[in-house]
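Q: Below: one structure in structure tokens.
The values are calculated or read from the model by the stated rules, or taken from the named source; none is laboratory data. Note that this is a predicted model, so its numbers are computed, not measured. No Cβ is skipped: glycine too gets one built from the backbone with ideal geometry, and neighbour counts run over all protein chains shown.
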Amino acid sequence: MHRIAASSVDWKAIRADFPILREQAHGHPLIYFDSAATSQKPRIVIEALRNFYEHENANVHRGLHTLSSRATEAYEKSRKRVAEYIGAASADEIVFTRGTTESINLVAQAWGGKFIREGDVILLTEMEHHSNLVPWQLLAERTGARLRFVPVRDNGTLDLDQLPSLLKSDVKLFAFTHISNSLGTINPVAQLCEKAHAVGALSLVDAAQSAGHLPMDVRVLGCDFLAFSGHKMCGPTGIGVLYGRADILDSMPPYHGGGEMIVSVALEKSAFKKAPHRFEAGTPSIAGAIGLAAAIDYIEQIGRAAIFEHDSQLARYAADRLTELAGTRVFGPKEERGALVGFVMDAAHPHDLTTFADQYGLAMRGGHHCNQPLMRRFGVSGTTRASFYFYNTVEEIDRMIEILHAAVRFFS
Amino acid sequence: MTTEIEELYQEVILDHSRRPRNFGELADAAVRVHGDNPACGDEIHLDVKFDTSGALEDIKFTGHGCAISQASASLMTMKLKGKSRAEVVEMLCAFHDLVTEETSEAPKTLGDLRVMKGVRKFPQRVKCAMLAWRAVEQALEQGAGEATVSTEPA
């Protein structure tokens, strides 16, 4: 297996673990630069799903038969695996959801519904994905709470000089992204959580772009909530995680009602299970949780520090090469960035560019990336985004640059 | 052999996207429609003036967006100037078929607009091509004043 020191990881062998990377698109070898939207899956994760359905499939926490025990055991083992992966104190702090979006909506509805009052402030940033913006807008509409935003500097970092005037005692929650999905900015999570706590606010971290990309420990970060998706870190779609500090989860009412989350039900009233099961009404994504645990095992075998080193080198290399292209504007911080680079070219609109690139087998994303306010902040309607993971190579970036040169010739 | 990409971005389309015709505002427009394609960020502002018979006496647009949306608007304004309402509606239907139906023969009445045929191979780009047409459809319905139209129904 790939248990090797960071610098000597056999990335080529790792790439071979992903069957889909042998696909062709329009007669060209696929170059998959859209991992920030969803990552590809290694064979071992696909096999874990298959193995579950072939040998363990049953519903969890209810049947008394052999298969149900196997499924329940595998599902709860996955919860433990997630807890270890992010440094949670206990598996009870891990709620399985459908993804980051549902995790944040859960907090906005269950926690926000109970604790947020008229006049309270939710502090966000200008770089939030719509999934960490719209749930708070809905909460504000329901409760009369207000939203406040940390501005973004021209270089793509948060303007933390503004923080003292924004993060005051009326702030009840500071919710922000770990890594911006369109700028690649890596925010100083531990510092921001500490500042939130200093004014008595809780913190929520959107870790959608970071959970599979760099080492993280929720107790070192000091966050109260952390949300991420399985499918952006080699896992299946339909499974995500909400980490919540135990005492906070226990203080929250249920999110959805239904089976699986109750202790007893009478016609007029029910008693609910403790967290995390209180928040998991209905049959969960059992195979999804098991697939996520397999993805975590796989990522841990490579090592998150090595992955981060590899991906941020790729992203910096891509940003440097793009900067050399005439008429190209690259967004985000120059020094340190997550595994992606957003850019616009004078020669072509992002949609024309991505359509053109696709004809050469290059999969990128063009558009607003669910970041409309941020796009407006930078005066563009959208960007083209190339996003990377550990299976991508420098050669693929060189090929991207060639294709972009061809696009400039074609559209100019 | 022409590739699908060359079929989509024919020289006429690239030319119209670089140098759009009828680009500007009509000071005496009867109706102005703001069309937007939220998925892409394409925007069209269409000004229309009708003659006494209700035909499109003059039509101009401003806006920004991808080559397909801008070229489609430019080609459309050239084609629709002087056309009666009935002709506009007929052309709208024919154009929609042109960019969506795999089997449709491109009717000769569409003239230059037939260069947009390549869009049918790119379903995600149909909204770009249709944006200006959605705006003109709204202009006919509205008749006067200002209106907005989106490719994503709210």
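Q: Does segment A:286-299 hold any residues that are out of contact with any helix residue (DSSP H, G or I) (no Cβ under 7 Å at 6 or more places or on another chain) and more than 11 Å from A:L49 (Cα to Cα), and which are they?
A: Within segment A:286-299, just A:D297 meets the criteria.
Q: Evaluate segment A:250-257: report whether one residue or more is in a helix (DSSP H, G or I) and closer than 17 Å to A:A91 by Cβ.
A: Looking through segment A:250-257, at least one residue is in a helix (DSSP H, G or I) and closer than 17 Å to A:A91 by Cβ.
Q: Go through segment A:130-161 and count every residue that is without any contact (Cβ under 8 Å) to a residue 60 or more places away in the chain, in a helix (DSSP H, G or I) and not acidic (D, E).
A: Of the residues in segment A:130-161, 10 are without any contact (Cβ under 8 Å) to a residue 60 or more places away in the chain, in a helix (DSSP H, G or I) and not acidic (D, E).
Q: So, one more: Go through segment A:68-84 residue by residue and tally those that are crowded, with 16+ Cβ neighbours inside 10 Å, over 16 Å from A:T283 (Cβ atoms) and charged (D, E, K, R).
A: The number of residues fulfilling the criteria is 1.
Q: With respect to A:A339, is the statement that it is surrounded by 24 or more Cβ atoms within 10 Å (Cβ to Cβ), within 17 Å of the chain's Cα centre (by Cα) and assigned by TED's automatic domain parsing to the domain that holds A:G87 true? Give the steps one after another, and end with the answer.
A: Numbers: surrounded by 24 or more Cβ atoms within 10 Å (Cβ to Cβ): yes; within 17 Å of the chain's Cα centre (by Cα): yes; assigned by TED's automatic domain parsing to the domain that holds A:G87: no.
Judged against the criteria, A:A339 is not a match.
Q: May I pose another question? Would you list the helices (runs of 4 or more DSSP H) that sit entirely within segment B:46-154 and hold 3 or more residues that are surrounded by fewer than 20 Cβ atoms within 10 Å (Cβ to Cβ) and more than 14 Å from chain A (Cβ to nearest Cβ)? First the steps, then the outcome.
A: On the way: elements: B:67-80, B:85-100, B:126-142.
Of the helices (runs of 4 or more DSSP H) lying wholly inside segment B:46-154, those with at least 3 residues that are surrounded by fewer than 20 Cβ atoms within 10 Å (Cβ to Cβ) and more than 14 Å from chain A (Cβ to nearest Cβ) span B:85-100, B:126-142.
Q: Of the residues A:A407, A:A357, which single one is within 11 Å of chain B (Cβ to nearest Cβ), within 30 Å of A:I299 (Cβ to Cβ) and either small (G, A, S) or in contact with a strand residue (DSSP E or B) (Cβ under 7 Å, 6 or more places away or on another chain) (or both)?
A: A:A357
Q: Here is a further query. Name every residue in segment A:141-167 that is more than 13 Å from A:L192 (Cβ to Cβ) and either surrounded by 14 or more Cβ atoms within 10 Å (Cβ to Cβ) or touching a Leu at 6+ places or on another chain (Cβ under 7 Å) (or both), in order of residue number.
A: A:T143, A:A145, A:R146, A:L147, A:R148, A:F149, A:P151, A:V152, A:R153, A:G156 - these are the residues of segment A:141-167 that are more than 13 Å from A:L192 (Cβ to Cβ) and either surrounded by 14 or more Cβ atoms within 10 Å (Cβ to Cβ) or touching a Leu at 6+ places or on another chain (Cβ under 7 Å) (or both).
Q: Between a first residue in segment A:367-385 that is away from chain B (no Cβ under 11 Å) and of a type in the set (S, T, N, Q) and a second residue that is surrounded by fewer than 18 Cβ atoms within 10 Å (Cβ to Cβ) and part of a helix (DSSP H, G or I), which pairs have beta carbons less than 8 Å apart while being 6 or more apart in sequence or on different chains?
A: From segment A:367-385, the pairs are A:N371/A:H130.
Q: Away from chain A (no Cβ under 12 Å) and either under 16 Å from the mean Cα position of the chain (by Cα) or under 21 Å from B:D51 (Cα atoms) (or both): does that describe B:L8?
A: no
Q: When you go through A:A319, A:A326 one by one, which is the residue that is crowded, with 20+ Cβ neighbours inside 10 Å and either more than 20 Å from the chain's Cα centre (by Cα) or within 14 Å of another protein chain (Cβ to nearest Cβ) (or both)? Before the answer, list the steps.
A: Details: A:A326 fails: crowded, with 20+ Cβ neighbours inside 10 Å.
It is A:A319.
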